[in-house]
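Trainee: Let me begin by handing over the structure; questions about it come next.
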Amino acid sequence: GAVVSQHPSWVICKSGTSVKIECRSLDFQATTMFWYRQFPKQSLMLMATSNEGSKATYEQGVEKDKFLINHASLTLSTLTVTSAHPEDSSFYICSASGQGFNLYGYTFGSGTRLTVV
Amino acid sequence: GENVEQHPSTLSVQEGDSAVIKCTYSDSASNYFPWYKQELGKRPQLIIDIRSNVGEKKDQRIAVTLNKTAKHFSLHITETQPEDSAVYFCAASMSNDMRFGAGTRLTVKP
């Protein structure tokens, strides 16, 4: 149990375009979803936290207008990178936390490698 | 907010030796401390975790110790194998807020 599906696993886009990444909890209700960014050889940096039905809370330094997060249901959260630039190229990974299986448990998606050319 | 520091950043050991990775945290309210193993390009995988009401936990070759007073916790891997080579992250969590350490790149030489 506690599976999180993330799509796409990799994407290449042109500079200036937008990219949407989806994160779905398959067998539990994800009351909270987290979006992380990981640059090569670096740690996971929390970008934002979203609770179903409410606006995401962004970490300091993360532009909310550039990284749009939607958590419209208990099983789906999306991250849209708007007007992507080469410096946005990174590994984006979501994680979900839900009640019932592990109060503090985090289940990670498989990650999305974004390359902006 | 919580700040997690992790050391060392890289660790190289000979197969069969033990490896120890240490983390400190700043927020005394943190009460859940997981360790993740991440292989290149893959998602972090939970390998062991410990809660604040426990001082030590062991799972086969892996053990974690927690010192709440000193606010530090450690990962111990015994009898290391080449497949243990990966990046390991510690994390500290309170409620629904989890922060990660910078990671340790472990290399086990055959």
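Trainee: In debye, nearest 20, what is the charge dipole magnitude of segment B:20-89 about its Cα centre with +1 on Lys and Arg Cβ and -1 on Asp and Glu Cβ, if you could check?
Mentor: 200
Trainee: In a Debye calculation with equal point scatterers on the alpha-carbon sites of the protein assembly as shown and no solvent, what is log10 I(q)/I(0) at q = 0.12, 0.14, 0.16 Å⁻¹?
Mentor: Once normalised to I(0) and log-transformed, intensities are -0.66, -0.89, -1.12.
Trainee: For segment A:12-103, which GluC sites (Glu not before Pro) pass both filters: DSSP loop (anything but H, G, I, E, B) and at most 10 other C-beta atoms within 10 Å?
Mentor: A:63
Trainee: How large are Rg and Dmax for chain B when calculated on the C-alpha trace, in angstrom?
Mentor: Considering chain B through its Cα atoms, Rg and Dmax are 13.2, 41 Å.
Trainee: Give me the distance between the Cα centres of segment A:39-117 and segment B:48-110, rounded to whole Å.
Mentor: What the calculation gives is 24 Å, centre to centre.
Trainee: Find the cysteines in chain A that fail to meet the 4.7 Å Cβ criterion with every other cysteine, and list them.
Mentor: So, A:13.
Trainee: Within chain A, which is the longest segment that contains none of the trypsin sites (Lys or Arg not before Pro) sitting in a DSSP loop with at most 12 other Cβ atoms within 10 Å?
Mentor: A:56-117
Trainee: Same structure again: Taking every DSSP beta bridge that has both residues in the protein assembly as shown, what percent is antiparallel when rounded to the nearest 5?
Mentor: 90
Trainee: Let me ask something additional. Considering only protein heavy atoms, with the full assembly of protein chains and a 1.4 angstrom probe, order A:112, A:107 by accessible area, largest first.
Mentor: Ranked list, largest accessible area first: A:107, A:112.
Trainee: What total accessible area, in Å², is buried where chains B and A meet, using a 1.4 Å probe and rounding to the nearest 100?
Mentor: The B and A chains share an interface burying roughly 1700 Å².
Trainee: Something else now. Over the protein assembly as shown, with the other protein chains present, what is the accessible area per residue in square angstrom, probe 1.4 angstrom?
Mentor: I get 49 Å² per residue for this part.
Trainee: Sticking with this structure for a sec: At a probe size of 1.4 Å, how large is the accessible area of residue A:7, to the nearest 10 Å²?
Mentor: 110
Trainee: Would you mind calculating the relative contact order of chain A from Cα pairs under 8 angstrom and at least 6 residues apart, reporting the percent as a whole number?
Mentor: Result for chain A is 37 percent.
Trainee: Right, here's the next one. Order B:72, B:7 by their accessible area, 1.4 angstrom probe, all chains in place, largest first.
Mentor: Listed by decreasing accessible area, they come as B:7, B:72.
Trainee: Among A:115, B:21, B:89, pick out the residue whose Cα is farthest towards the positive end of the charge dipole of the protein assembly as shown, where Lys and Arg carry +1 and Asp and Glu carry -1 on C-beta, about the Cα centre.
Mentor: A:115
Trainee: To two decimal places, what compactness ratio does chain A give when its Cα radius of gyration is scaled by 2.2 N^0.38 Å?
Mentor: So chain A has a normalised radius of gyration of 1.00.
Trainee: Percentage of Cα-Cα pair distances in segment B:20-83 greater than 13 Å, rounded to whole percent?
Mentor: Result for the distance tail: 64 percent.
Trainee: Anything losing 20 Å² or more of accessible area from the isolated chain to the full protein assembly: pick those residues out of segment A:37-67, probe 1.4 Å, ligands and DNA/RNA ignored.
Mentor: SASA drop of 20 Å² or more in segment A:37-67: A:38, A:41, A:43, A:44, A:46, A:59.
Trainee: Once the convex hull of the alpha carbons of segment A:19-58 is built, what does its volume come to per residue, in cubic angstrom?
Mentor: 103
Trainee: Using a 1.4 Å probe on the protein heavy atoms, what percent of the accessible area of chain B belongs to carbon and sulfur?
Mentor: That share works out to 47 percent.
The values are calculated or read from the model by the stated rules, or taken from the named source; none is laboratory data. Keep in mind that what you see is a predicted model, and the values were worked out from it rather than measured. Cβ: placed from backbone, ideal geometry, glycine included. Neighbour counts: every protein chain shown. SASA here: full protein model, heavy atoms, side chains in, ligands and nucleic acids out. Shrake-Rupley method; radii C 1.70, N 1.55, O 1.52, S 1.80 Å.
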